[in-house]
Amino acid sequence: MGNNNIYYLAQKKSNYKNHQYRRDRFNKRRFLIAVFLLIVFILFIYFIGFYNRIVIVRARYGELVDGFTTKALIVRDEQVYYSPVSGNIELNLTEGSRISYGQRVMRVGDYSLINHWAGIISYATDGLEDSLGFESINELTPDKYNKYKRNYKQLVNGNYLNKGEPAFRIIANNMYLVLQVTTEEIERYWLNEKVFFKAPDIKKGLIDARVVNKMVFDKKALMLVKLIPFVPEWLNNRWVEVEFIKNIYRGIIIPYKALFKQPEGEGVLVYNTNNGKIEFKKVKVLERTKQGLIVEGIEVGESIIENPSSVDYGKGV
């Protein structure tokens, strides 16, 4: 009798556990379904209430820069003087100072090195002066462009200089930048066109330059520009990070997406904040850049609908 009762209780306990397991699994499945439906509902509300909501921006007066940031290769019109003797050196001029013909530049042992070119003095070399000289610049190719490696050396007082080693450079007032661009981009420029540069290490603002050569290859191109002012900060640089600027446009700015096409032409949807009505205004695009459009036909401060596809134009907001 007792054994039967014990067996019966154990059997009941096993049935209870199986029932509890099935109920927990059902509740878990029901919970996951509820979470899934909640996510679907939230996404539905987002796409209906937010994704398609009207975005309004103010037409503003400002400037747009037509340009891009890139790494540029520096080429200088320079001459390297090699020491005819060996010995410890004594520098007679300050790095970066201007020098005229016939001045003593340095002593190597008991031998004086006299300058034979007028320009700017530098006691630094990187081993690329011959391969990147002004006379060989037209031999540049996109394959060579990124393969130049510097062997930079800066002489100071007391250094020992071997016979035949570079002693100093004389740089003329000519400095050039080489930029690698696409063939489509280089077609936007013409020879002698005035362009501009900005650089993080140059605090004088815009640097004027002119396009002096265009070298077009298969899918890449090299553009050679001459800096109109000599940049002394780049006396010993070979690569520099710059913002290259074709032009700076000023006027009333709107986003690209705000341009709305109607049978009567291109324009924008203007939202009247007083009565909530929407009006189509035809505009003339004066300039197009990657940052936006310069237009005429609207006033500064008008409310422009940036995403006209979100509006069923003609039926209000």
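The values are calculated or read from the model by the stated rules, or taken from the named source; none is laboratory data. This one's a predicted model, so the numbers in the text were calculated from it and none came from an experiment. For neighbour counting, all protein chains shown are included, and Cβ atoms are generated from backbone atoms with ideal geometry for every residue, glycine included. Ligands, DNA and RNA are stripped out before the accessible areas are found, and what is left, the full protein with its side chains, is counted by its heavy atoms. Shrake-Rupley method; radii C 1.70, N 1.55, O 1.52, S 1.80 Å.
For region 123-174, calculate the relative contact order in percent as a whole number, restricting contacts to Cα pairs under 8 Å that are 6 or more residues apart.
About 56 percent, as a whole number.
If packing is taken as the average number of other Cβ atoms within 10 Å across a peptide's residues, how do 290-297, 259-266 rank, most packed first?
Values: 290-297: 17.1, 259-266: 12.4.
Ranking, from highest mean packing down: 290-297, 259-266.
For region 255-306, what does the convex hull of the Cα positions come to per residue, in cubic angstrom?
Working: hull volume 4.0 nm³, N = 52.
Enclosed volume per residue, from the Cα hull, is 77 Å³.
Go ahead and run the numbers for FRET between residue 98 and residue 162, Cβ-Cβ distance against an R0 of 41 Å, rounding to 0.05.
That pair, residue 98 with residue 162, gives E of 0.90.
Give me the percent of Cα-Cα pairs in region 116-222 that sit more than 24 Å apart, rounded to a whole number.
Cα-Cα pairs in region 116-222 separated by more than 24 Å: 41 percent.
Give me log10 I(q)/I(0) at q = 0.17, 0.20, 0.25 Å⁻¹ for region 226-317, Debye formula, one equal scatterer per alpha-carbon, no solvent.
Once normalised to I(0) and log-transformed, intensities are -0.75, -0.96, -1.32.
Can you sort 203, 277 by solvent-accessible area, 1.4 Å probe, largest first?
Ranked from most to least accessible, the order is 203, 277.
Loop-only check: which trypsin sites (Lys or Arg not before Pro) in region 123-195 are DSSP coil with at most 16 other Cβ within 10 angstrom?
Hits after loop and neighbour filter: 147, 149, 150, 163, 188.
Exceeding 21 Å between C-alpha atoms, which entries from my cross-link table qualify? They are 144/203; 71/257; 198/226; 149/214; 257/282.
Exceeds cut-off: 144/203; 71/257; 149/214.
What number, in nm² with one decimal, is the all-direction average of the projected area of the convex hull of the alpha-carbon atoms of region 46-145?
Averaged projected area of region 46-145's Cα convex hull equals 14.7 nm².
Do you know the relative contact order of region 133-249, to the nearest whole percent, from alpha carbon pairs under 8 angstrom that are 6+ apart?
Relative contact order of region 133-249: 27 percent.
Sort out for me the Cα centre separation of region 292-311 from region 161-236, rounded to whole Å.
The distance from the Cα centre of region 292-311 to that of region 161-236 comes to 39 Å.
Averaging over all projection directions, find the projected area of the Cα convex hull of the chain and quote it in nm² with one decimal place.
36.8 nm²
Can you tell me the order of 215-228, 93-106 when each peptide is scored by its average per-residue count of other Cβ atoms within 10 angstrom, highest first? Present the calculation step by step, with values, prior to reporting the outcome.
On the way: 215-228: 16.4, 93-106: 14.3.
For the peptides 215-228, 93-106, the packing ranking is 215-228, 93-106.
Return a whole-number percent for the relative contact order of the chain, with Cα pairs under 8 Å and 6 or more residues apart as the contact set.
Details: 596 pairs, mean separation 69.8, N = 317.
Answer for the chain is 22 percent.
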